[in-house]
Structure formats: structure tokens, C-alpha cells
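Comments concern the structure below.
None of the figures in this text is laboratory data; all of them are computed from the coordinates on show. Note that the structure is a prediction, hence the values are computed from the model and not measured. Methodologically, a virtual Cβ is constructed for each residue, glycine included, from the backbone with ideal geometry; neighbour enumeration extends over all protein chains shown.
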Amino acid sequence: MARSNEAAAEALTEFADLIAIMGGDSYRIRAYEKAARSVAGFAHDLDRLDVKGLQAIPAIGKALAEKLVEFRETGSIHELDELRAQVPAGLRALLGIPGLGPKKARQVYDQLGISSLGELLDALAAQGLRDLPGWGAKTEENLTRSIRQMQEAGGRIPLGAALSQAEEMVAALEGVAGVRRITYAGSLRRMQDTIGDIDLLVASTDTEPVMAAFTSLRTVDHVLAQGSTKSSVVTAKGIQVDLRVVSPDVWGAALLYFTGSKAHNVRIREMAVRAGLKLSEYGLFHADDETLVAAETEEDVYEHLGLPWIPPTLREDRGEVEAALAGSLPDLVDIGHIKGDLHMHTDLTDGLASLEDMVAAAKAHGYRYCAITDHAPLLTMQRMTPEKALEQRARLAKLQEHAGLALLHGSELNIQEDGSLDWPDEFLAGFDVLVASIHSHFRLSKAAMTKRIIRAMENPYVNVIGHPTTRNLTKRPPVEFDTEEVFKAAARTGTALEINSFPDRLDLSDQMARTAREYGALFAIDTDSHSVVHLDNLRFGVATAQRGWVEHKQVVNTWSLRDLRRFVERKRSRATT
DNA sequence: GCCGTTTTCGGCCCGACTGTTTTCAGTCG
């Protein structure tokens, strides 16, 4: 994704937030929000487009096209600057608190002068908000809880945002004189769902120019430390980035060391000690005479410890060392195994791209098949109807004639509070494949939630449970259900559990996928794409699956079309016999 | 602010939930 698109989308989103706080017209707000999503999901680089070209982007008219040009040329938009002058910076951040929207944000500012998270917390602690009109004890309680949940996330950055920041910096430094190798390490290389800070590793014999280039990167806001082998900066987005420079001949040892995890490193260092060796970021040495054993590649170091190379996504000391020793590391799913995406939206509901464009994008990804799964009627805002679904099916059949990959017609159904679904079985039977997801009633009791999900899985037409816990990494905790019961039921009913690749979701999480796998459940790694560019998120879902030790055989969308259809048919026929 | 086979004005994503209120406002998906 082009960086300029993201930056422009962020400016438009901020615009929308500020208009909302100022009490502006709700349709105008929505227009900005929609434009932001459209720009972020636009497949081409905005930088190449003039006012006229920009207007060809959906949801961008003349006014916004001009603002986008202004943004590109000056780095800002004067109307946005004027709004910023009227709304304290901290106030917008309050909108990130679930349960607190623009009206309440404005209210606490106007009536109590609160314009930061800290001030809001103080007021909540002092019970100073319950007397405001429309507020009460319960509101205070809910907001306090929301904030606590946010803080427990610890200001960590979702994987997607961290990775694009890291890749941008790696690309900018790759060409610097003296840089022999460069990569990101740490939790980012292990593809953990959230990242505390970014670790970059450079192999070079000439550190000065590398450090100078690093600390003066455009994205750097300020420098925390600058030395000859290690420097730390904070980016404009508030992300800390550490850069280490090592000699090229110890690249492998350093990469191993800085990739971690700490727990994994401790385990293999213990192994080294027992073998009369010593492992550090500078290499594997004989303990007695300090002669070098291995350092140049990770494979080398692992091999001299008696281990095969262990994929970074497994390096958490969750049994990978034992498995490696026993020769039983999982045959992990990889991005090349994926034969199709089973969860994609189009502009028939809340997607941004047309059916034709989504199909073309799936084809461009080299898929053998893809499923179009627009929202079902009970998500009322999407205004789906049986007629529209059938019409889409007819269009899909027409596209199939020259598609070059198998086009499956599906839908993303809504699991209701009692586990029932949008359409009767007779209508569901007309689809090729169906995803069912929770989009409402997140706070049911654990028992009710368990029963609800299992009932949905028992429907013979439900093939995939979409984003099973509905968690949002920055906003919403996962719903609670009895994992053992649900995962057992998934295995028993022949229902795949989705590993949703959206960077804010990554749902199932790595740990839950690992548990589900132990109960014999199958998986679908989907992108839940709402635009063409979202198809690229697949790598996050695949990495999450790897972290959950998921093997490719356990992922239904690595199967051939024939096997996938059998999977669907088997469940359906079991129900009728 | 966008958009148009209902085309330059007047619609636009609608309904549920929560907590507040005593008929409704704000938030969310």
C-alpha cells in the first residue's frame, strides 16, 4: 500500500473526527469517513493523480479532490488546521474510548475543561461526571472499564501498523552506503499480534553513515539515543524504533538474538551451556577457549546446537525447542499454500470495490478459487435482500465464463443472540459456502455465548465461523465462550474456524488457534477483504496461524477446490441422513 | 460532502442497545 494513501486517509479521518466534535453535519462527517476508507482502500498511488483523476475515486468529489491535492503539496489542509486550532489535541484521542463519542467528548470539554485522557481519568475517579446531563454512575463505570482495558493493551501497536512503519524504514535505509544487510527483528519478525517497539538490524562495517541516515529519516520525530552500534528514535506516530548495527560475519547470531523471544533465547542458551558452548549476539563459542563455532547464519547456529532452523513465528518457548529436538516441528501453513479466499465483500454491501474488481484481484493473487461473502440481511444497515443475493449469484455465474478461477457464491451470515441465522435453510442451500459471524450482543454470559456459537455451527450450511471472538486489538476485548466446548463442536460438526487476517482482528488469535488445533478443529485463513488492497493482509493471518502451530493440511482453503467442495457437501449430507 | 436511468436538489445506513430519561440521546456495527 502506498504510504501517501494512508497519510491522506488519516488526514480525512481526523477531519471527520474534528467536524464531529464541533457538532457538524452528520452527513458531511460520514462523507469524510467514507472518503478516508475509499482512499485507504484505493489500489493505486494517489501521488500520480490530479484533481480530475482523484475524482474518479469513489466517494471523492471536487471539494475533497482539491483538499487532497493541497495535502500533497503542502503537507496539510488549511481548513483542517483551522479545526485543529479549535479542538484541543487530547480531545480527539478521547474518541478512541469505546462508549465515548464526539458529543460526550465535547460535553466534558465545554463543561469541565477536560481535554486529555489523564484529566478524564481524574474526573472519573472523583465521580465528577455523573451529574452532567445524560450521564450517570453507570456511564462513569463503563468508561472507567473501557479505559482500563485500553491501558492494559499497554500502548502496543497492532502488527499491521508496525510492519508498514518498519518496511518503510528498511526501504529507506537499504540504499545507504555501507548497509550490507538490513531487516526487522524482534516481535515484529515473530509476527506477534501487537508490537511494543520496532527492532531493526543492519549488517555493516561502517556504522557512522548508517546511524546518521537512520536518525535523520523523515519519519523520525526525535532521537532518544545515538551511538556507534545502537540508536533509538521515536517516529512521528509515537513508535519507538531501535537500530543495531553488527558486523556482517555475525549476522546470523545477531538476528537470532534480536529476534527473540527472550524465553526462546534463554532456552537455547541453556542448551549451549550444557554442550560446553556460549551463545551471544556475537556468535556461538566454545566456552573454554572462546573460539568461534558459528555466527554467520541462523541455520549455522541452530545446527551446532543440534537443532533444525526454527521459524521465527514459533520462537516463543512454547514447546518448539522440544519439538525441534524430536524432529516433530509442525508442517506449518505458508502463504504459498493458500488456494483461495473464503471471505470477501463487495460494494453490494460495505465493500469498496465492485464484484468484478474483487474477482480480478483474487485472480491476480493466483488463487484457484474465491468466495464472495457479502453481508446478510440481519446486519440491517447493509440492506441485503434475497433478491440482491440472487442477482449477485447470477452476475457471478456470468463472470465465471471468463474468470480463470472458480467463483463461489457465499454470504457472511449473522449469528443472532440465540444462534439462529438470517435465512432459512432452503435459501442457505443455494450458496456454495457460508461464513457465519457474531456482529451483535457481545456481552452475553459465557454459557449463553457458547450455546449460541455451537448452535450456529450445528447448522448444516455454516462452513466457517468468521472472526470467532470478534476481538479488536485496539478497542474491543474478545467475547467469552467455553473454548473447549466450542472447539470440540467445530471438529465434530465439520465447521472451520476462521483466522481472520485483518490486522486489527487476527481472530482467532495465535494461542486460541493452537488450542483449537489440539481439539482437532479445521481452519480457514481469510482476509475479510472490503477492498482490493485488503487481499494483501493474508500474510498476517498466515503468520498468526503459524504462531498457532497450524499445519497446512488443517486449513481448508489450502485444499483443492474438489476437496473444499467435499468438505461443504459432507456437512450438508450428514444433516440430511 | 457525494451523487445521479428519481440528475444540480435532496436524499444519504438503519436499528438495537445502553443508560438515561419519563420519551430520548448517544454510540455502535
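If the requirement is being within 9 Å of DNA strand B (Cβ to nearest atom) and more than 26 Å from A:L538 (Cα to Cα), which of these qualifies: A:D131, A:D110, A:D122? Full working, then the answer.
Numbers: A:D110 fails: within 9 Å of DNA strand B (Cβ to nearest atom); A:D122 fails: within 9 Å of DNA strand B (Cβ to nearest atom).
Going through A:D131, A:D110, A:D122 in turn, just one is within 9 Å of DNA strand B (Cβ to nearest atom) and more than 26 Å from A:L538 (Cα to Cα): A:D131.
Taking the criterion of being basic (K, R) and part of a loop (DSSP other than H, G, I, E, B), would at least one residue in the stretch A:363-377 satisfy it?
The first filter runs over the stretch A:363-377 and keeps only residues basic (K, R), leaving A:363, A:368.
After this cut, where a residue has to be part of a loop (DSSP other than H, G, I, E, B) as well, the list is A:368.
Yes - at least one qualifying residue is present in the stretch A:363-377.
Answer yes or no as to whether A:E387 is surrounded by fewer than 15 Cβ atoms within 10 Å (Cβ to Cβ), more than 30 Å from A:Q511 (Cα to Cα) and either within 16 Å of DNA strand B (Cβ to nearest atom) or in contact (Cβ under 8 Å) with a residue 60 or more places away in the chain (or both).
On the way: surrounded by fewer than 15 Cβ atoms within 10 Å (Cβ to Cβ): yes; more than 30 Å from A:Q511 (Cα to Cα): yes; either within 16 Å of DNA strand B (Cβ to nearest atom) or in contact (Cβ under 8 Å) with a residue 60 or more places away in the chain (or both): yes.
In short, yes.
Per the conditions (1) in a helix (DSSP H, G or I); (2) in contact (Cβ under 8 Å) with a residue 60 or more places away in the chain, the sole criterion not satisfied by A:E322 is (2). State all residues of the stretch A:134-148 that are more than 9 Å from DNA strand B (Cβ to nearest atom), touching a Leu at 6+ places or on another chain (Cβ under 7 Å) and without any contact (Cβ under 8 Å) to a residue 24 or more places away in the chain; if no residue qualifies, say none. If the condition is that a residue be more than 9 Å from DNA strand B (Cβ to nearest atom), touching a Leu at 6+ places or on another chain (Cβ under 7 Å) and without any contact (Cβ under 8 Å) to a residue 24 or more places away in the chain, then A:T144 is the only one that fits. Residues that are of a type in the set (A, V, I, L, M), touching a strand residue (DSSP E or B) at 6+ places or on another chain (Cβ under 7 Å) and surrounded by 18 or more Cβ atoms within 10 Å (Cβ to Cβ) within the stretch A:130-172 comprise A:I157, A:L159, A:A162, A:A166, A:M169, listed in sequence order.
Here A:R218 fulfils each of the conditions (1) touching a residue at least 40 places away in the same chain (Cβ under 8 Å); (2) touching a helix residue (DSSP H, G or I) at 6+ places or on another chain (Cβ under 8 Å); (3) surrounded by 16 or more Cβ atoms within 10 Å (Cβ to Cβ) apart from (3). Only residues that are within 16 Å of DNA strand B (Cβ to nearest atom) and of a type in the set (K, R) were counted in the stretch A:412-462, giving 3.
Scanning the stretch A:90-107 for residues that are more than 8 Å from DNA strand B (Cβ to nearest atom), part of a helix (DSSP H, G or I) and not charged (D, E, K, R) yields A:G90, A:L91, A:A93, A:L94.
Counting only residues that are outside any helix (DSSP H, G or I) and either over 14 Å from A:N459 (Cα atoms) or under 31 Å from the mean Cα position of the chain (by Cα) (or both), the stretch A:385-429 holds 24 of them.
Reported count of residues in the stretch A:473-501, each being without any contact (Cβ under 8 Å) to a residue 40 or more places away in the chain and either within 16 Å of DNA strand B (Cβ to nearest atom) or in a loop (DSSP other than H, G, I, E, B) (or both), is 4.
For beta carbons closer than 6 Å, sequence separation of 6+ or different chains, a first residue in the stretch A:21-40 that is among the hydroxyl-bearing types (S, T, Y) and a second that is within 8 Å of DNA strand B (Cβ to nearest atom) and part of a loop (DSSP other than H, G, I, E, B), the qualifying pairs are A:S38/A:I57; A:S38/A:P58; A:S38/A:A59. Among residues of the stretch A:22-51 being more than 13 Å from DNA strand B (Cβ to nearest atom) and in a loop (DSSP other than H, G, I, E, B), the one that is nearest to A:R106 (Cα to Cα) is A:G41.
Among the residues of the stretch A:52-72 satisfying the criterion of being loosely packed, with under 13 Cβ neighbours inside 10 Å and more than 31 Å from the chain's Cα centre (by Cα), which is nearest to DNA strand B (Cβ to nearest atom)?
The qualifying residue nearest to DNA strand B (Cβ to nearest atom) is A:A63.
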